[in-house]
1. Once the Cβ-Cβ distance between residue 269 and residue 239 is put in as r, and R0 is 25 Å, what FRET efficiency do you end up with, to the nearest 0.05?
2. Largest first, please: the extent of the C-alpha atoms of segment 61-218 along each principal axis, to the nearest Å.
3. May I have the pair-distance distribution P(r) for the chain, computed from all Cα-Cα distances with 10 Å bins from 0 and rounded to whole percent?
4. What do the square roots of 5 times the Cα gyration tensor eigenvalues come to for segment 4-50, in whole Å, largest first, as semi-axes of the equivalent ellipsoid?
5. Quick one: which residues, 5 or more positions from residue 34 or on another chain, have an amide H under 5 Å from its amide H? H modelled 1.01 Å from N in the peptide plane, none for Pro or chain starts.
6. At 222 nm, what helix-only mean residue ellipticity would the chain give, in deg cm²/dmol to the nearest 500, using -39500 (n - 2.57) for each DSSP H run of four or more?
7. If each of residue 88 and residue 146 carries a label point 7 Å out from its Cα toward its Cβ, how far apart are those two points in nm?
8. Along the three principal axes, how long is segment 175-239 when you take its alpha carbons, biggest first, rounded to the nearest angstrom?
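All of the numbers you see were taken from the coordinates with simple rules; none came from a lab. All figures in this text were calculated on a predicted structure; none of them were measured in a lab. Cβ placement follows ideal geometry from the backbone for every residue including glycine, while neighbour counts extend to all protein chains displayed.
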Amino acid sequence: MSFLHGTDVELIHPGISRGHVRYALFDFDGTLSLIREGWQSVMIPMMVEILMQTPRHESEYELRAVVTEFVERLTGEQTIYQMIRLADEVARRGGRSAAPQEYKRQYHARLWARIGGRVAALKSGQIAPADMLVPGAREFLETLRARGVPCYLASGTDEPFVRDEATALGIAGYFAGIYGARDDYQRATKKIVIEQILRDHQLNGAEFVAFGDGYVEIENTKSAGGLAVGVATNEAERRGVNAWKRERLIRAGADVIVPDFRQHAELMAYLFAEEE
């Protein structure tokens, strides 16, 4: 492994074209926000429970492996895509599936039971925003704004929730645009958002950087020729690298891996430095 000297900034592709960044895009959950930390422990058991009710289901252990694989692979996509896959898996096992939108509604109800208190505590001031942000996130956004780099937010979470939670965290004002999941989900993908930013501002790849902890935004950014920084935060501990995230982000094409934004000054210096 190769690291930027004296830091935890891991350089996966040291030969990237640096010093040209003009616009940036951020994923939300797990990249900036920790409000939804633990969402997998809500979604996966729900799906296993539903699949256990089908006529031709495997063991609970086997179903958990199946569900974990596709939930993790689709992380970063809009939630509806995981629910579409759930409906397919129900039908494959001889069950009568509900509409994906209904599965999504059930999941949101369960998730809100876990995180609703966090949002309420943030809004009331009982929890400080810093406690629900990836370490260094606000400082990094502030540094990018001071440097004149417009930032965008794109999430697989429903857009009203993204806007509300970003506001509760006190970071909504840092973004020139906030995009989340919509009912017309096929027209609200991260790929479309990235392509629109590049087109609207006539950017070449090296002028655009994305930060994310999901496969989707990293892969979409690399496909568009941009720079991709994988944020492999250990969300539960708020410190250190999540090894599973790191490996997945590297497979998606990440140029750089960071555990969080504590070393944002060094990361900025690296991304904005002229090529040697």
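1. Efficiency, rounded to the nearest 0.05: 0.65.
2. 57, 43, 27
3. Percent of Cα pairs in each bin: 7, 29, 35, 21, 7, 1, 0.
4. For segment 4-50, the semi-axes come out at 35, 14, 12 Å.
5. Long-range HN contacts for residue 34: 133, 134.
6. Working: 10 runs with 124 residues, N = 276.
Using -39500 (n - 2.57) per qualifying helix, the result is -14000 deg cm²/dmol.
7. 4.7
8. Answer, in whole Å and largest first: 39, 32, 22 Å.
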